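Colleague: Dumping the structure here so I can ask a few things about it.
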Amino acid sequence: MIKKVAILANGGDVSGFNAVIRAIVKTARNNGIECYGFMDGYNGLVKNDYVDLIKTKMASGILQKGGSIIGSSTNANVFHYKVEENGQVVYKDLSQKCIDNIKADGFDCLFTLGGDGTQKSARDLYVRGVNVIGVPKTIDNDVACTDITFGFNTAVSVATEALDRLHTTGETHHRIMVLETMGRYAGWIALESAVSGGADVALIPEIPYDLNKVVEKINQRRKEGKNFSVVVVSEGAMPKGGTMTVENVRDNGAGVDNTKLGGVGFKVAHELEKMTGLEARNTTLGYVQRGGTPTAFDRTLSTKYGAKAMNLALEGKFGTLVVLKNGALSYATLEDVVGQNKEIGAVSGNTKDSNIRKVNMDSDLVKTARSIGICLGD
């Protein structure tokens with residue numbers, strides 16, 4: 001019998017966080033269930049820092065608001081939690097403390113709003129006896145077992161608008177305009193915005209690129225009298241035989257991805273300018289893709305996900321992730337979501353055992369891009 005539930009939002013912020021929170025709160029309230037929110041993701045779970053989302057009315061008027069009213073965290077793995085003792089940084093397994101907090105607070109279910117890393121920890125907590133239901137969040141659209149994550153559509157819309165604007169500058173000044181989007185291990189944002197924004201080239205992590213192929217595309221356009229080109233590059237794209245472009249390696253704790261990507265757009269623009277003789281300029285969207293008002297699509301999707309999550313809790317279907325498959329809401333087990341990455345507390349992300357949803361070469365999106373002449377660098 002569900003009487004009291006809690007929500008945590010974890011990982012990088014996206015537009016749609018608040019819409020999910022609002023839908024869970026509304027569905028809980030309509031069923032006479034108390035609903036709380038842990039502050040700042042898994043950090044709030046460790047500190048047992050939470051608020052009553054119904055009594056405070058925090059979830060009112062937030063449908064159109066970006067970010068998360070209960071905060072989030074990108075550096076908290078409760079199984080390898082970074083703490084300071086006697087002036088020294090050490091890593092501790094604080095998962096049992098989190099489990100004890102949940103039990104002492106009387107929460108019957110914990111909703112985890114997040115991506116691959118968040119749901120890996122959710123699965124590990126479920127194995128340890130916590131009733132968990134996940135909701136798939138990430139602008140990268142790379143959570144396994146679902147067709148789409150909330151936040152992705154808004155990110156693509158922002159990237160598409162940027163491409164519309166870069167087109168006019170490129171055409172006016174006869175330049176190559178490069179747009180670097182987010183997309184660490186999956187190129188969904190770059191590829192979909194390239195299609196919707198009319199780009200000529202899209203370089204994604206799944207296809208190591210050959211800049212000679214890109215130059216061929218640019219030169220083909222020049223022969224046709226088009227003295228400008230628009231190139232979209234995912235931050236995780238890499239040349240054939242090369243590696244991803246790393247800006248920095250952070251020290252945010254064990255069990256999280258500490259590699260900060262950045263700079264591939266500038267690198268590609270610099271090389272293309274040398275190879276073509278055309279001026280090339282790079283624009284890196286960065287966190288602009290994450291923030292601001294969610295699109296109507298993401299508001300609706302997030303609301304559907306939140307309501308479905310609460311209904312799954314009422315049905316006792318724990319250890320699951322809300323998903324959208326073939327246009328219909330459903331759920332998948334967290335075991336399926338994490339794939340073979342079964343070790344408790346293991347690092348999440350692009351490991352050989354992870355089940356990240358990447359761009360498939362047989363996907364309709366890839367076929368469409370190739371059909372309309374977008375160069376994918378291969």
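The values are calculated or read from the model by the stated rules, or taken from the named source; none is laboratory data. Note that the coordinates shown come from a computational prediction; the quantities given were computed from them, not determined experimentally. With ideal geometry, Cβ positions are generated from the backbone for all residues, glycine too; neighbour counts draw on all protein chains shown.
Colleague: Determine whether VAL46 is within 21 Å of GLN64 (Cα to Cα) and in the same structural domain as SER72 (by TED's automatic domain parsing).
Modeller: Here the answer is no, as VAL46 does not meet what is asked.
Colleague: Additional query: Could you check the range 247-269 and list, in sequence order, the residues that are among the charged types (D, E, K, R) and modelled with pLDDT of 70 or more?
Modeller: GLU247, LYS260, LYS267
Colleague: May I ask you to list the residues in the range 75-99 that are buried (at least 16 other Cβ atoms within 10 Å of the Cβ) and assigned to a loop (DSSP other than H, G, I, E, B)?
Modeller: Matches in the range 75-99: ASN75, ALA76, ASN77, VAL78, PHE79, HIS80, LEU94.
Colleague: Checking CYS35 against (1) out of contact with any helix residue (DSSP H, G or I) (no Cβ under 6 Å at 6 or more places or on another chain); (2) crowded, with 21+ Cβ neighbours inside 10 Å: exactly one of these is not met. Which one?
Modeller: That leaves (1) as the condition not met.
Colleague: Continuing with this model, one more query. Take GLU247 and decide whether it is surrounded by 15 or more Cβ atoms within 10 Å (Cβ to Cβ) and acidic (Asp, Glu).
Modeller: no
Colleague: Working only within the range 168-209, note down all residues that are among the acidic types (Asp, Glu), touching a Ser or Thr at 6+ places or on another chain (Cβ under 7 Å) and more than 13 Å from SER234 (Cα to Cα).
Modeller: The initial filter retains those residues of the range 168-209 that are among the acidic types (Asp, Glu), namely 171, 180, 192, 200, 206.
Those still in the list that are touching a Ser or Thr at 6+ places or on another chain (Cβ under 7 Å) too: 180, 200.
If the condition is that a residue be among the acidic types (Asp, Glu), touching a Ser or Thr at 6+ places or on another chain (Cβ under 7 Å) and more than 13 Å from SER234 (Cα to Cα), then ASP200 is the only one that fits.
Colleague: Among the residues of the range 182-224 satisfying the criterion of being touching a strand residue (DSSP E or B) at 6+ places or on another chain (Cβ under 6 Å) and of a type in the set (Val, Ile, Thr), which is surrounded by the most Cβ atoms within 10 Å (Cβ to Cβ)?
Modeller: My answer is ILE204.
Colleague: Ok, one more. Of the residues in the range 160-181, how many are in contact with an Asp or Glu (Cβ under 8 Å, 6 or more places away or on another chain) and surrounded by 24 or more Cβ atoms within 10 Å (Cβ to Cβ)?
Modeller: So the answer is 3.
Colleague: Do we have any residue at all in the range 42-49 that's within 13 Å of LEU113 (Cβ to Cβ) and in a loop (DSSP other than H, G, I, E, B)?
Modeller: No: zero hits.
Colleague: Could you list all residues from the range 268-325 that are assigned by TED's automatic domain parsing to the domain that holds GLY183, surrounded by 15 or more Cβ atoms within 10 Å (Cβ to Cβ) and free of Cβ contacts under 8 Å to residues at least 40 places away in the same chain?
Modeller: Within the range 268-325, none qualify.
Colleague: Still on this structure, I have one more. Residues of the range 118-130 being small (Gly, Ala, Ser) and surrounded by fewer than 24 Cβ atoms within 10 Å (Cβ to Cβ), which ones?
Modeller: The answer is GLY129, and nothing else.
Colleague: Please go through the range 209-248 and pick out each residue that is without any contact (Cβ under 8 Å) to a residue 24 or more places away in the chain and of a type in the set (Asp, Glu).
Modeller: GLU224, GLU247 - these are the residues of the range 209-248 that are without any contact (Cβ under 8 Å) to a residue 24 or more places away in the chain and of a type in the set (Asp, Glu).
Colleague: Okay, moving on. Considering only residues of the range 231-243 that are crowded, with 17+ Cβ neighbours inside 10 Å and out of contact with any Phe, Trp or Tyr (no Cβ under 7 Å at 6 or more places or on another chain), which is farthest from ASN212 (Cα to Cα)?
Modeller: Filtering first and then ranking leaves GLU235.
Colleague: Conditions first: (1) of a type outside the set (Ser, Thr, Tyr); (2) part of a helix (DSSP H, G or I); (3) under 21 Å from ASN153 (Cβ atoms). LYS65 passes all but one, so which condition is the exception?
Modeller: For LYS65, the exception is condition (2).
Colleague: Quick check on this structure: which one of ILE54, ILE102, ILE69 is surrounded by 14 or more Cβ atoms within 10 Å (Cβ to Cβ), β-branched (Val, Ile, Thr) and free of Cβ contacts under 8 Å to residues at least 40 places away in the same chain?
Modeller: Only one candidate passes the filter, namely ILE54.
Colleague: While we're on this one: Inspect the range 356-365 for any residue being crowded, with 16+ Cβ neighbours inside 10 Å, among the acidic types (Asp, Glu) and either more than 22 Å from THR112 (Cα to Cα) or touching a Phe, Trp or Tyr at 6+ places or on another chain (Cβ under 7 Å) (or both) and give the result as yes or no.
Modeller: no
Colleague: Could I ask something else about it? How many of the residues in the range 131-144 are surrounded by fewer than 24 Cβ atoms within 10 Å (Cβ to Cβ) and touching a strand residue (DSSP E or B) at 6+ places or on another chain (Cβ under 6 Å)?
Modeller: Kept after step one, since they are surrounded by fewer than 24 Cβ atoms within 10 Å (Cβ to Cβ), are these residues of the range 131-144: 131, 144.
Those still in the list that are touching a strand residue (DSSP E or B) at 6+ places or on another chain (Cβ under 6 Å) too: 131.
Summing the residues that are surrounded by fewer than 24 Cβ atoms within 10 Å (Cβ to Cβ) and touching a strand residue (DSSP E or B) at 6+ places or on another chain (Cβ under 6 Å) in the range 131-144 gives 1.
Colleague: How about the range 26-41: which of its residues are in a helix (DSSP H, G or I) and under 22 Å from ASP13 (Cα atoms)?
Modeller: Residue satisfying the conditions is LYS26 alone.
Colleague: Yes or no: THR283 of a type in the set (Val, Ile, Thr) and more than 18 Å from VAL14 (Cβ to Cβ)? Spell out how you get there, then give the answer.
Modeller: On the way: of a type in the set (Val, Ile, Thr): yes; more than 18 Å from VAL14 (Cβ to Cβ): yes.
Taking the combined requirement at face value, the residue satisfies it.
Colleague: Go through GLY87, GLY12, GLY37 for me and flag whichever is modelled with pLDDT of 95 or more and among the small types (Gly, Ala, Ser).
Modeller: Unique residue meeting the criteria: GLY37.
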